[in-house]
Ligand SMILES: Nc1ncnc2c1ncn2[C@@H]1O[C@H](COP(=O)(O)OP(=O)(O)OP(=O)(O)O)[C@@H](O)[C@H]1O
Ligand SMILES: [Mg+2]
């Protein structure tokens, strides 16, 4: 017939002839090349024999092979096959099973033709986008993996150099930078490369622990030293002996505690809260803050002497917006980790999606990027993360963006008339012929019904035929 050889092919598998008929009608109205199979067995045979359809609509309840069974056969023959399941009976279990076995979507009968068309269009768009991803070459190599810190931008290369310089000694390091830039990651990296790697690394978030508990947390306490101190407690510094302690958000530490940290730095010793005994500890301190510590010193909320003691070497973590060239590598790193942890199925990202991620400003830095990649990887259905899988705010759309517009009769007519005009044939004759033959086909060749649908008498229709 009049099917364009390049139009997408859709296979409808349903044992109900009426459903096959109405679906074919709706879908071919949009120019899709539709074929039908009246059972699961025959549908599977068609797929195995090839050529593969671009999309399959598959009924769940059929006599003989069920839709879910057919889905498994189809997906094992072609793991990338796009399948939309249909059912008249919606249960949580079938919906869950359907998605688990790799269906793209799941719709309930009776269906709205517009919804069917929108689904098919989206599915085929996804299909085309996925094909366009082609061979995917990740931007990172295995060395980046072991390290866990990714980045080849000049600013990050400087950070890596400083990490290398401070690993040989026990010098105190102060790491500054916005939230989510990788301060803790850098602290761990220093520890891992140092001679202390075999001993503990303990991170303490000073902002998260109330002032009255932080000293006991850090230095421990003796039994009975305060209400609730029913047993002796060993603090983080003692637990960390020989290792590295990471004092995160040090700008939020109370002044009294700061004095005790200074003592550790100067004398290498601590006292448990409520105790008199001095305990020697060998701990390297790495501190971090996202505050302006100089301003805190000026405001007398941070001891100046401690500030100088901590700030022997300073590592300033650049915000992600100053190292956009690292974004593709960080994205690849994140998705590959997710695949390893079996939290995502694909480690591929389409160039368009990567471009969107690279353009975003990332006020939450790497932590925010990581979170967005995770959310996108989880919803990605094909074998690559596409733009449609990114959260709407990242795509630059309002969160409640409307569904893609469906073709109205008016819009379709605009298109048809344009095409007819371009063909050079008499427009009315061309369109009339097309309309009459299609309505006749839709009514199964019944001239009386077709005439009625067209608004013509039977005689007028006969004349046109
Ligand atoms: N360069 C990087 N390469 C790969 N992953 C990174 C990089 N930088 C940060 N991350 C990841 O981003 C997340 C945030 O990093 P991290 O916790 O070190 O940041 P932070 O600066 O301590 O943040 P906050 O101030 O919020 O505590 C972590 O999951 C970390 O593994
Ligand atoms: Mg942190």
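Summary table
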item	result
Highest to lowest packing among 375-383, 163-171, scored as the average C-beta count within 10 Å	375-383, 163-171
Label zone at residue 412 (point 7 Å along Cα-to-Cβ), backbone N below 14 Å, the range 21-65	23-32
Over the range 217-314: Kirkwood hydrodynamic radius from C-alpha pairwise inverse distances, Å	14.2
Sequence ranges 385-393, 196-204, ranked by mean other-Cβ count within 10 angstrom, highest first	385-393, 196-204
Residue 435 versus residue 77: modelled label distance in nm, points set 7 Å from Cα along the beta carbon direction	4.1
Cα principal axis extents for the range 159-234, largest first, Å	48, 29, 16
Calculated P(r) of the range 66-134 - Cα pairs past 14 Å, %	62
Hull-based mean projected area of the chain, where the convex hull spans the alpha carbons, in square nanometres	32.6
Principal axis dimensions, the range 154-317 - Cα atoms, whole angstrom, descending	54, 39, 26
Rough spin-label spacing in nm, given labels placed 7 Å along Cα→Cβ, for residue 367 and residue 263	3.2
Average projected area [Cα convex hull, the range 409-464], square nanometres	4.0
Point-to-point label distance, residue 230-residue 443, nm (Cα→Cβ direction, 7 Å offset)	8.8
Computed E for residue 458/residue 92 - FRET, C-beta separation, R0 41 angstrom, nearest 0.05	0.20
Convex hull (Cα only) mean projected area of the range 230-385, reported in nm² to one decimal	13.4
Debye intensity ratio I(q)/I(0), log10, the range 342-381, q values 0.18, 0.22, 0.31 Å⁻¹ (C-alpha model)	-0.51, -0.75, -1.16
Protection proxy ranking, peptides 317-326, 263-272, average beta carbon neighbours within 10 Å, highest first	317-326, 263-272
Estimated 222 nm signal from helices in the chain, with DSSP H stretches of n ≥ 4 weighted -39500 (n - 2.57), rounded to 500	-14000 deg cm²/dmol
Kirkwood estimate for the range 9-133, i.e. one over the average of 1/r between Cα atoms, Å	14.2
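Every number here is computed from the coordinates shown, using simple stated rules; none is lab data. Everything numeric in this text was worked out from a predicted model, so none of it was measured. Every residue, glycine among them, receives a Cβ derived from its backbone with ideal geometry; neighbour counts consider all protein chains shown.
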